[in-house]
Amino acid sequence: MTTLYIREQGTSIQKHSERLLISKSRQILLEIPMDNIDGVAVIGNIQMTTPALHALMRRGINISYFSFSGNYLGSMTSDTSKNIFLRLAQYDFYRDADKRMKLARKIIINKIKNQLQLMESFRWEPGEKEYLESIQSMKTLIKRAQDMATISELMGVEGKASNIYFKTYGKMFKCKCEFHGRNKRPPRDPINVIISLGYTFLTKEVSSALEAESFEMYLGFLHGIRYGRKSLPLDMVEEFRQPIIDRMTLKLFNKRMIQEFDFTLEGDVPTLSEEGFRKFCREFERWMSESDISGEGVGYRGLIQRQAKRLKAAVQKKEGYDPYCLRKKHYI
């Protein structure tokens, strides 16, 4: 089972018997059994017929919509969110300031630990020692995070840790593309393009897993409440940024799986070419589905679903929740 990514502009998605038929200008580009997919990602100007939409929803197959540049717009799912009792428990958990602060602290400390583990597991050259200073600084920030009394203070620590991390992360790339820190909206270099696209796809995966468990998506424990923002997926995304996207991005560039010629310039803003996008989707889907990459017996998609179930149990039973931690056996 896999996610079907469709980015060829002007294409049409139709239902033909028990299959999806992808065509453009009356030419069939792809025909695939619906039983072989568990999600559809529609990117840009793609049309889907009503029979195709109904067939996918009857099978519980999520349809995610993205802008052409890769911004996540939303999803269509079948009406499976019926667990009002979970939502009541989620509201109670949120109103308990001590429990919410404890969980928020766990999320931030775990994120910094994942950043540290990625830095420590990288195969540095013998003469490269600057990263050691960054590691010590981040270990100090972990201790500081343990003493923070408010979520605002925690987010301040997280910001400092991420600045240190991304400066060191940039030195892990051994390719022609350079990375001098995180930038977005829009990303201004090829590596940031891949990171942003990866985080967007990751948010979609996390959102699907949480929606399947009937969570209130707009109520987060770390990211709180903001009108129109699905904060809970942002909470869970934090534990998977380094294990999935940051590791995958390093591999894509350092193994020359994606190179500078996979991008085009629109003004001074780089954009993935069609072939570059296909390469990205292929590798992203492999990371999400293959168990040998995660080393956990299931792919990362399965791990995300497992964590959503664990969060559900923690909220309903008012117990602790442990975010996913990058293991020492993981390396680039």
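The values are calculated or read from the model by the stated rules, or taken from the named source; none is laboratory data. Computed from a predicted model, the values in this text were never measured in an experiment. Methodologically, a virtual Cβ is constructed for each residue, glycine included, from the backbone with ideal geometry; neighbour enumeration extends over all protein chains shown. Just the protein is used for accessible areas: all its heavy atoms, side chains included, with ligands, DNA and RNA removed. Shrake-Rupley method; radii C 1.70, N 1.55, O 1.52, S 1.80 Å.
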Practice item. State all residues of region 123-140 that are surrounded by fewer than 18 Cβ atoms within 10 Å (Cβ to Cβ) and of a type in the set (A, V, I, L, M, F, W, C); if no residue qualifies, say none. Key: TRP124, LEU132, ILE135
Check your understanding: Is at least one residue of region 127-142 farther than 26 Å from ASN192 by Cα and at pLDDT below 90?
Key -> yes
**Study point:** Options LEU234, LEU250: the member that is of a type in the set (A, V, I, L, M, F, W, C) and open to solvent by 40 Å² or more (accessible area, probe 1.4 Å)
**Key:** LEU234
Check your understanding: If we keep just the residues of region 258-279 that are exposed (fewer than 15 other Cβ atoms within 10 Å of the Cβ) and in a loop (DSSP other than H, G, I, E, B), which is nearest to the chain's Cα centre (by Cα)?
Key -> SER273
Revision key, fill the gap. Counting only residues that are out of contact with any Lys or Arg (no Cβ under 8 Å at 6 or more places or on another chain) and surrounded by fewer than 21 Cβ atoms within 10 Å (Cβ to Cβ), region 205-218 contains a total of 2
Point to revise | Unique residue being under 19 Å from ASP246 (Cβ atoms) and not polar (S, T, N, Q) when the list is ILE164, ILE151 | key: ILE164
Review point. Going through region 60-81 one residue at a time, which ones are exposed (fewer than 14 other Cβ atoms within 10 Å of the Cβ) and more than 21 Å from CYS281 (Cβ to Cβ)?
Key: GLY60, SER78, ASP79, THR80
**Study point:** Conditions (1) β-branched (Val, Ile, Thr); (2) out of contact with any Lys or Arg (no Cβ under 9 Å at 6 or more places or on another chain); (3) surrounded by fewer than 19 Cβ atoms within 10 Å (Cβ to Cβ): number failed by ILE244
**Key:** (3)
